[in-house]
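The values are calculated or read from the model by the stated rules, or taken from the named source; none is laboratory data. What you see is a predicted model; the values in this text were computed from it and never measured. Note: ideal-geometry Cβ built from the backbone for every residue, glycine included; neighbour counts use all protein chains shown. Quick note on the areas: whole protein, heavy atoms, side chains included, nothing else; ligands and nucleic acids left out. Shrake-Rupley method; radii C 1.70, N 1.55, O 1.52, S 1.80 Å.
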Amino acid sequence: MLSRRRFLGAAALQSAAALGLSSISLSSQASAARSFNEVLARPQKPLDQLGRVPVIVIGTGYGGAVTALRLAEAGVPVVMLEMGRLWTQPASDGKVFCKTLSPDGRAMWFKDKTEAPLKTFLGLDVINKKIPRYAGVLDRVNYDEMSVYVGRGVGGGSLVNGAMAVTPARSYFEQMMPSVNADEMYGTYYPRANTQLGVNQVDPAWFETAACYRYARVARATAAQSGFKTVFVPSVYDAKYMEAELANKVPRSALAQEVIYGNNAGKLSLDKTYLADAVGTGRVTIYTLQEVRRIEQQANGDYLLTVNHIDEFGTLLYTSQISCGKLFLGAGSLGTSELLVRARDTGTLPKLPSQVGQGWGHNGNVMTARANQLWNPTGSLQSTMPAMGINDWSNPVNPVFAELTPLPTGFENWISMYLAITRNPERGHFDYDATTDTARLRWTRDQNTITVNAAKSMFDKINKQQGTGYRTDLFGGGKAFADDFCYHPLGGCVLDAATDNIGRVKGYQNLYVTDSALIPGSIGVNPFVTITALAERNIERVLAQDFA
Ligand code: FAE
């Protein structure tokens, strides 16, 4: 049931967008409100007039949202700074997010053309479309030999991701994060994260007959014929809403090809869960379209941030400075690593350790696709929310967890797509590039060899058994494996390397990392439940030890 606090926070997030505010917090009259429309967001002082605040959280993704909520519940006022925009207000077409097959500026973060994971279809350049430059919701950050997809906006990656909410195998968690007490994670923090995120699962009986999951049933059958086991994948997409979509009782979202450019319904993104609760406390203010560029420490130990405020078309409106006593970085693996690498290498935080910027990995991500036999159609209606994966993680040589992902073209294409997660021990790092004032990811294509070989071992076996082959017309350059992009950036400020055991950055006091940058490059499944659970664990300890 919707709590009063969540109701108030969600209403403030709605009304702030309707009022065109770039700051979001609850109005003082909100507690007396009886209807959604009465809960008006309160215009806040512009950032440059705030002066000093006790706590700033940079970024509104999973790590940032958990941190802000738990601080606010403990009575601490929080300012959140987010470079993207708020995504709660419909545009002139009545939709918050644009359609996947007819994208506009809302699709991508300041690009002239969409840069979707699929480059071509039948080798034809029909996927990507020209769009106006705008503060759109999906960014593809292109480094020399790896591109990384991230979400931009209030809710970070939760706005664009596939909603797969997977808790890793305990044995692999213990292997990757041995200094984190697994009893506590699996007994307390994973359950807390799952509850607060609204994790649920499709009804297995419904799944067996639902037209929109024919693609998954076909992929399951072909996997089983080669001896591979499949499992249901939990999700933060509301399974009951999807059932109603299929029954034509509600507007379609997962069944209308929506996902990477945002879902107009059905998905429990963070603005509907953690962030609504956080704003609903009345102690959290989110400032949007504010990009933190520089962090320095003042003589009294406070942190001084330099922040660029842009409009939705990218025009720099003004640059402001704001200081805080405690600073939490939740800008994601790329954003947090860049902010700290820049601070260390330009000398604004010179005592940051050499481990900052190290230990980056892509969670062994690789996509691939197979062409099925003509008697195995995958269905013209496909849910964008994966519900099942092939679990071969216990394979001692080539462990693979491969989600059965859709290719929702709207017509029969006989394609089985997969997002494979593999165990790849290779790591990259970030270097500061003074000419562009950015951090460059150093990762070479050959570091993907282990990943591609592991996925190949699984899908070669399936293809051989089925008498089928790979689709080489989708990822550009005739490639069967998309090894040039990833969805799961992890690391850069790894726990117990760049930080202590609860995310305090080494070399400084009152400076914390809360997000995917803490995870050492691989977690074996889709990462946001782990990012959330780890942030829950860390903030509980930080509150007890540093706010007492
Ligand atoms: P994140 O959610 O990226 O949030 C960081 C926020 O900080 C963003 O809103 C940024 O705009 C903002 N930011 C960055 N730099 C600055 C700055 N300098 N100043 C102000 N703001 C800044 O961080 N994971 C799953 O578990 N399941 C899935 O099904 C899944 N599918 C995915 C599909 C796609 C297309 C993508 C892109 C990702 C997917 N992921 C999935 C990954 C998941 O979304 C990601 O691991 C988390 O969002 C990372 O959470 P963080 O809190 O680290």
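Of these, THR444, THR514, which one is within 19 Å of the chain's Cα centre (by Cα) and either surrounded by 18 or more Cβ atoms within 10 Å (Cβ to Cβ) or polar (S, T, N, Q) (or both)?
THR514
Among the listed residues LYS113, LYS119, identify the single one that is touching a Gly at 6+ places or on another chain (Cβ under 6 Å) and farther than 16 Å from GLY262 by Cβ.
Result: LYS119 is the single residue among LYS113, LYS119 that is touching a Gly at 6+ places or on another chain (Cβ under 6 Å) and farther than 16 Å from GLY262 by Cβ.
Somewhere in the range 245-259, is a residue within 15 Å of the ligand (Cβ to nearest atom) and closer than 29 Å to LEU316 by Cα?
no
What is the one condition in (1) surrounded by 18 or more Cβ atoms within 10 Å (Cβ to Cβ); (2) without any contact (Cβ under 8 Å) to a residue 40 or more places away in the chain; (3) closer than 21 Å to THR405 by Cβ that THR209 does not satisfy?
The number of the failed condition is (1).
Just to be sure, is VAL78 open to solvent by less than 10 Å² (accessible area, probe 1.4 Å), under 16 Å from SER25 (Cα atoms) and within 11 Å of the ligand (Cβ to nearest atom)?
When the stated conditions are applied, VAL78 does not pass them.
Out of all the residues in the range 126-148, is one or more in contact with an Asp or Glu (Cβ under 8 Å, 6 or more places away or on another chain) and at pLDDT below 95?
Yes, the conditions are met somewhere in the range 126-148.
Take THR472 and decide whether it is without any contact (Cβ under 8 Å) to a residue 40 or more places away in the chain and touching a Gly at 6+ places or on another chain (Cβ under 9 Å).
Against the criterion (without any contact (Cβ under 8 Å) to a residue 40 or more places away in the chain and touching a Gly at 6+ places or on another chain (Cβ under 9 Å)), THR472 qualifies.
Any idea how many residues of the range 457-476 are basic (Lys, Arg) and either more than 13 Å from TYR418 (Cα to Cα) or touching a His at 6+ places or on another chain (Cβ under 8 Å) (or both)?
Total satisfying the criteria: 2.
Which ones in the range 294-324 are open to solvent by 10 Å² or more (accessible area, probe 1.4 Å), touching a residue at least 40 places away in the same chain (Cβ under 8 Å) and assigned to a strand (DSSP E or B)?
Hits for the range 294-324 are ARG294, GLU296, GLN297, HIS309, ILE310, TYR318, GLN321, SER323.
So how many residues does the range 225-246 have that are in a helix (DSSP H, G or I) and open to solvent by 60 Å² or more (accessible area, probe 1.4 Å)?
Final tally of qualifying residues: 2.
Considering only residues that are within 11 Å of the ligand (Cβ to nearest atom) and open to solvent by less than 20 Å² (accessible area, probe 1.4 Å), look in the range 281-293 and name the one that is nearest to GLN321 (Cα to Cα).
Result: VAL292.
As an exercise: evaluate ALA482 against (1) in contact (Cβ under 8 Å) with a residue 40 or more places away in the chain; (2) in contact with a helix residue (DSSP H, G or I) (Cβ under 8 Å, 6 or more places away or on another chain) and give the number of the one condition it does not meet.
Looking at each condition in turn, ALA482 falls short on (2).
Of everything in the range 518-545 that's in contact with a strand residue (DSSP E or B) (Cβ under 8 Å, 6 or more places away or on another chain) and near the ligand (Cβ under 7 Å from one of its atoms), which residue is nearest to GLY332 (Cα to Cα)?
Applying the filter and picking the extreme gives PRO527.
Looking only at the range 85-128, count how many residues are in a strand (DSSP E or B) and either touching a Ser or Thr at 6+ places or on another chain (Cβ under 9 Å) or surrounded by fewer than 18 Cβ atoms within 10 Å (Cβ to Cβ) (or both).
Residues in the range 85-128 being in a strand (DSSP E or B) and either touching a Ser or Thr at 6+ places or on another chain (Cβ under 9 Å) or surrounded by fewer than 18 Cβ atoms within 10 Å (Cβ to Cβ) (or both): 4 in total.
Can you report the number of residues in the range 42-66 which are among the polar types (S, T, N, Q), open to solvent by less than 10 Å² (accessible area, probe 1.4 Å) and out of contact with any helix residue (DSSP H, G or I) (no Cβ under 9 Å at 6 or more places or on another chain)?
Of the residues in that region, 0 qualify.
Right, GLY157: among the small types (Gly, Ala, Ser), assigned to a helix (DSSP H, G or I), within 8 Å of the ligand (Cβ to nearest atom) and open to solvent by 10 Å² or more (accessible area, probe 1.4 Å) or not?
In short, yes.
How do the pairs read when you match residues in the range 418-439 that are at pLDDT below 95 with residues anywhere that are buried (at least 22 other Cβ atoms within 10 Å of the Cβ) and among the hydroxyl-bearing types (Ser, Thr, Tyr), using Cβ under 6 Å and keeping only pairs 6 or more apart or on different chains?
Qualifying pairs under 6 Å: none.
Looking at the range 3-12, can you tell me whether even one residue there is modelled with pLDDT of 75 or more and within 16 Å of the ligand (Cβ to nearest atom)?
Checked the range 3-12: no residue is modelled with pLDDT of 75 or more and within 16 Å of the ligand (Cβ to nearest atom).
Looking only at the range 129-149, which residues are within 16 Å of the ligand (Cβ to nearest atom), in a loop (DSSP other than H, G, I, E, B), under 20 Å from ILE310 (Cβ atoms) and open to solvent by 10 Å² or more (accessible area, probe 1.4 Å)?
TYR134, the sole residue that qualifies.
Can you spot a residue in the range 466-484 that is part of a helix (DSSP H, G or I) and either more than 12 Å from the ligand (Cβ to nearest atom) or open to solvent by 40 Å² or more (accessible area, probe 1.4 Å) (or both)?
Yes: one or more hits.
What about TYR215, is it aromatic (Phe, Trp, Tyr) and in contact (Cβ under 8 Å) with a residue 60 or more places away in the chain?
When the stated conditions are applied, TYR215 passes them.
Need pairs with beta-carbon distance below 7 Å; first residue more than 28 Å from ILE260 (Cβ to Cβ) and within the range 154-181, second among the aromatic types (Phe, Trp, Tyr) and away from the ligand (no atom under 15 Å from the Cβ); sequence gap 6+ or separate chains.
Going by the 7 Å Cβ cut-off, the qualifying pairs are ARG170/TYR186.
For the range 160-174: of the residues being open to solvent by 20 Å² or more (accessible area, probe 1.4 Å) and more than 8 Å from the ligand (Cβ to nearest atom), which is farthest from PRO386 (Cα to Cα)?
The selected residue is GLU174.
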